Amino acid sequence: MHSDKRLPIRSLLLNVQQRACQKSFRIIFDFYYQGLLQYTTYIVGNQEIAEEVVSEVFVYLWKHKASLTGIKKFNSFIYLKAKHLSIDHCRKVKTLTTSITDKNTYTYHLKNNSPEHQMIEQELFVKINLAIQALPTRCQMIYKLIKDDGMKYDEVAELLNISKKTVENQLTIAIKKLRATIISHDVKENKKIKESFRL
């Protein structure tokens with residue numbers, strides 16, 4: 001594992017965050033790539049898949065460049081991200097299952113149902129993703145780290161240099177907003193069903 005002490009990581013991340021500086025991002029990429037590739041290859045056991053994982057890591061960083069300087073321990077963060085994406089690749093299944101709750105409040109599965117049902121579920125899936133993207137930057141990152149990457153509250157708090165309570169509060173905000181999206185979707189779908197019976 002690299003140590004970012006040999007790299008002016010703070011200034012590079014700042015350049016990427018504030019100016020979308022591709023040159024600074026390339027320096028970060030070149031510095032970490034081989035180490036991440038070796039690490040992910042060890043986990044997934046396949047270099048081609050490992051290359052995909054590492055690419056996903058850097059795509060994630062670029063997409064979330066607006067919040068990069070909020071990560072206090074970048075070296076730990078990037079390797080943890082690679083670890084969770086590697087594990088995710090190992091666990092991938094063909095059935096799309098999405099769960100968005102902290103206490104199993106709501107779970108839905110997109111399986112081989114009727115075309116109408118699949119269309120409704122796909123619409124909901126799109127709405128949920130849009131709602132996630134609309135969350136404030138830090139709130140969105142916390143949600144994804146916990147729900148998508150399976151990280152613990154303590155790990156997220158340490159990575160973002162915030163309190164565990166802040167993590168809990170931000171996750172609660174995210175879940176409330178996503179739950180509102182689901183409820184709104186269900187109300188509209190129920191209305192459509194009722195209207196169809198009136199025809």
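Read-outs: derived from the displayed coordinates by stated rules, not from any lab. No experiment lies behind these values; they were computed from the predicted model shown. With ideal geometry, Cβ positions are generated from the backbone for all residues, glycine too; neighbour counts draw on all protein chains shown.
The table for this structure:
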| read-out | value |
| --- | --- |
| Point-charge dipole on Cβ atoms (K/R +1, D/E -1) for segment 1-92, about Cα centre, debye to 20 | 500 debye |
| Unit charges at the beta carbon, dipole of segment 1-92: most positive-side option, Thr41, Ile87, Ile9 | Ile9 |
| Full-extension gain in nm, Lys164 to Asn129, via 0.36 nm per residue minus C-alpha separation | 10.1 nm |
| Pairs beyond 28 Å (Cα-Cα), from Lys65/Lys147; Lys23/Lys83; Lys23/Lys176; Lys72/Lys127; Lys23/Lys72; Lys127/Lys152 | Lys23/Lys176; Lys72/Lys127 |
